[in-house]
Amino acid sequence: MTTAVEETLVLIKPDGVARNLTGEILRRIEAKGYSLVDLRMLQADRDLLAQHYAEHEGKPFYEPLVEFMESGPIVAIRLAGNRVIEGFRSLAGATDPTTALPGTIRGDLARDWGLKVQQNLVHGSDSPESAQRELALWFG
Ligand code: IDP
C-alpha cells in the first residue's frame with residue numbers, strides 16, 4: 001500500500017442537493033476521514049459544464065447530462081486525503097446506481113430515486129490529471 005496525500009474535486013449534483021442529501025453525503029466523506037479544504041454552492045453555467053465534461057462531448061448522453069447538471073444548484077468540494085481520488089470513487093460506487101454496491105453513496109441513496117443514470121448524486125475526479133484540471137475549473 002502506498003500513501004499519497006492528494007486533492008480531488010467532488011460535486012454533489014443537482015439531484016443530491018434537491019433531495020436534501022448534502023449533509024448525508026458530507027457526513028460519509030468526513031466519517032471516512034477526508035478533509036474539506038474548500039466548498040461552494042453554485043449554479044453551473046453551460047460553459048463550465050462543457051469544459052468539465054469535454055471528454056464526453058458527442059456521446060449520446062452528453063446533452064441530457066449537461067441539461068441535468070444545469071438544472072439546479074451544485075455543491076463543489078475541494079477534498080483532501082490519502083489517496084482520496086481513488087478512495088472517493090470507491091465511496092461513491094459505480095456510475096450506474098442500479099449496479100452500485102450497497103454501502104456506497106450511489107448504491108445506498110441513488111437506486112430508487114435516480115430514474116436516469118445521470119442522476120447519480122455525485123462526481124469525483126478519476127485521476128490526478130483530471131483532479132488538477134477540474135479543481136482549476138471549479139475553484140480557479
Ligand atoms: P463517473 O461519474 O462515474 O466518473 P463518467 O463515465 O465520467 O462516470 O460519466 C460522467 C457522468 O455522465 C456520469 O456520472 C453520469 O451522470 C453520466 N453518464 C455516464 N454514462 C452514461 C450513460 O450511459 N447514460 C447516461 N448518463 C451517463
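Does ILE77 satisfy the condition of being among the β-branched types (Val, Ile, Thr) and within 12 Å of the ligand (Cβ to nearest atom)? So ILE77 fails the test.
Just give me the residues in the range 7-33 being in a strand (DSSP E or B) and within 16 Å of the ligand (Cβ to nearest atom), in sequence order. Within the range 7-33, THR8, LEU9, VAL10, LEU11, ILE12 meet the criteria.
Yes or no: ALA76 at pLDDT 95 or above, in a strand (DSSP E or B) and either among the hydroxyl-bearing types (Ser, Thr, Tyr) or surrounded by fewer than 19 Cβ atoms within 10 Å (Cβ to Cβ) (or both)?
On the way: at pLDDT 95 or above: yes; in a strand (DSSP E or B): yes; either among the hydroxyl-bearing types (Ser, Thr, Tyr) or surrounded by fewer than 19 Cβ atoms within 10 Å (Cβ to Cβ) (or both): no.
No.
When restricted to residues that are within 7 Å of the ligand (Cβ to nearest atom) and either part of a helix (DSSP H, G or I) or closer than 15 Å to LYS13 by Cα (or both), the range 54-67 contains 3. Can you tell me which residues in the range 91-138 are part of a helix (DSSP H, G or I) and under 12 Å from THR8 (Cβ atoms)? Across the range 91-138, the qualifying residues are LEU91, ALA92, PRO128, GLU129, SER130, ALA131, GLN132, ARG133, GLU134, LEU135, TRP138.
Within the range 1-13, residues that are closer than 16 Å to SER90 by Cα have Cβ atoms under 9 Å from residues that are at pLDDT 95 or above and of a type in the set (Phe, Trp, Tyr) in these pairs: THR8/TYR34; THR8/PHE88; LEU9/TRP138; LEU9/PHE139; VAL10/TYR34; VAL10/PHE88; LEU11/TRP138, counting only partners at least 6 apart in sequence or on another chain.
Would you mind stating whether PHE61 is within 18 Å of LYS116 (Cα to Cα) and at pLDDT 95 or above?
Spelling it out, it is not the case that PHE61 is within 18 Å of LYS116 (Cα to Cα) and at pLDDT 95 or above.
Name the residues in the range 101-118 that are modelled with pLDDT of 95 or more and within 9 Å of the ligand (Cβ to nearest atom), would you? Result: ARG106, single match. For VAL122, the conditions (1) more than 14 Å from the ligand (Cβ to nearest atom); (2) under 15 Å from the mean Cα position of the chain (by Cα); (3) surrounded by 19 or more Cβ atoms within 10 Å (Cβ to Cβ) are fulfilled apart from (1).
The values are calculated or read from the model by the stated rules, or taken from the named source; none is laboratory data. All figures in this text were calculated on a predicted structure; none of them were measured in a lab. Because the Cβ atoms are built from the backbone with ideal geometry, glycine has one as well, and the counts that use them run over all protein chains shown.
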